[in-house]
Amino acid sequence: MRYCQQCGQLYADGATFCTQDGQPLHPGGLDLEPGTMVGEYQVTRKVGAGAMGDVFAGVHPVIGKRVAIKVLKETLVADQTMVQRFVQEARAVNAIGHPNIIDVFAFGQLPDGRWYFVMELLEGESLEDLLARRAISVDETRRYLEQVCAALGAAHAEGIVHRDLKPGNIFIATPRHGATYVKVLDFGVAKLIRGAEGALSLKTGAPIGTPCYMSPEQVRARRDVDRRSDIYSFGVILFEIFTGRVPFMHPSHFQVLSDHVTELPPVPSSIRPVPPRLESLILRCLAKDPGSRPQSMRDVEVELALVFENEARELRHVLGGESTNRRMAAVGEVVVPQASASGAFESAQSGAHHSSPGPPAEGATSQVATVPRRGLLSSPAWLAALVLAGALLIAGVIFLVRR
Ligand SMILES: Nc1ncnc2c1ncn2[C@@H]1O[C@H](COP(=O)(O)OP(=O)(O)OP(=O)(O)O)[C@@H](O)[C@H]1O
Ligand SMILES: [Mg+2]
């Protein structure tokens, strides 16, 4: 089964393009057929898919309310305790009633056992898709960032940490009536999937989504992950918006995770002419030690306001020009082997090194090549294992030739 991301139309396996709008078709298909009832709502089409599950549009058959239904992959939800905690957290997030946080209003289990939650259906696109499509203006950037800061600040004030902040979870809603606004999605989902620390799934080969925005303490599966982990992820987003790339890029997820723990990020102004005050803010957000980061979203918001007020002209040069997002081209889709799951980075070195920034806009491949391969993958243990494998291979060949 294949489907069109644009209109949700379903096609047989051999089909390649949507006959309605000419868009390329995506694999995976719609396992919830249109018309399927999910709780009180009837599925109408597929909206998209992420690492953690699929999102469908639905409608209430009687009152016509339109909703989005996120169905989580069955392999990902660990246990009932996590489910209970997720429900509690969804309740707490709803209680905040913040205009920039998505409203989740139902939660349940499909007959096949998969968990789902129901939220408001938004028109628009994620910041990830927007960044990939076009450059965003200084005013837009300011508005979006202010709203993300406000949403996170409100959640943090209630002791709630997002744990999976990334452009894919920042939705730029463009309603038919009224102004564009931000909604932060997927609060608490990382905790549901990854456990209380928001660390990696312990299940063998479980996909973890993109590791580009994970804080060092999340990678190390520390128990004391707090709001400052979101501030780190926000720093990665700032880095990406203003330089056009994420700080750590590598086709191997494992290497990216390792870099979060051991490598200093490239200096933003070596990639684009990022003003010093903004550069300092980004680098402080990306500090390995949570104690060296800005301590609240409010602090970040105040700093950002100063940057936008005083350096608007410089920012126009930084943000103008081509669409900037090259992250997806740089990070391959791989799964994490069990050995690398939570805690594997505990023994990583505490000293960090600055990554080479690489040339600014030569495309993903050349940039990846300029990021030094350091950390776990280049450790002596790996080298020793490679040498041993080579020696065994040669011994095997000699043995066969002699026979
Ligand atoms: N409430 C919503 N209304 C409209 N579209 C939504 C809604 N929630 C999610 N989407 C869209 O559905 C698609 C899939 O979202 P999803 O959250 O599953 O993916 P993701 O954020 O890329 O990955 P992850 O699984 O790590 O969260 C994205 O394009 C997203 O923008
Ligand atoms: Mg998401």
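For each pair in Lys65/Lys183; Lys46/Lys73; Lys183/Lys288; Lys70/Lys183; Lys70/Lys288, compute the distance between the two Cα atoms and list the pairs where it is over 21 Å.
From Lys65/Lys183; Lys46/Lys73; Lys183/Lys288; Lys70/Lys183; Lys70/Lys288, over 21 Å: Lys183/Lys288; Lys70/Lys288.
At q = 0.13, 0.14, 0.25 Å⁻¹, what is the base-10 log of I(q)/I(0) for region 31-120 according to the Debye formula with one equal point scatterer per Cα and no solvent? Please give it to two decimals.
Those come out to -0.43, -0.50, -1.38, one per q.
For Val71, Val401, what ranking results if the residue with the fewest other Cβ atoms within 10 Å of its Cβ goes first?
Least to most surrounded, the residues fall as Val401, Val71.
Let me have the relative contact order for region 31-120, percent, based on Cα pairs under 8 Å that are six or more residues apart.
22 percent
Can you give the % of DSSP beta bridges in region 31-120 that are antiparallel, to the nearest 5?
Bridges in region 31-120 are about 100 percent antiparallel.
In straight Cα distance, which aspartates and glutamates are under 12 Å from Lys166, not counting same-chain residues fewer than 8 positions off?
Glu128, Asp129, Asp186, Asp230, Glu240
Put a dot 7 Å past each Cα toward the Cβ at Thr16 and Val83; how far apart are the dots in nm?
4.3 nm
Exposure proxy check: Leu152, Leu306, Leu25 ranked by fewest other beta carbons within 10 Å?
Placing the least packed residue first, the sequence is Leu306, Leu25, Leu152.
Every number here is computed from the coordinates shown, using simple stated rules; none is lab data. Keep in mind that this is a model prediction, so the values were computed, not measured. Cβ atoms come from the backbone with ideal geometry, glycine included; neighbour counts cover every protein chain shown.
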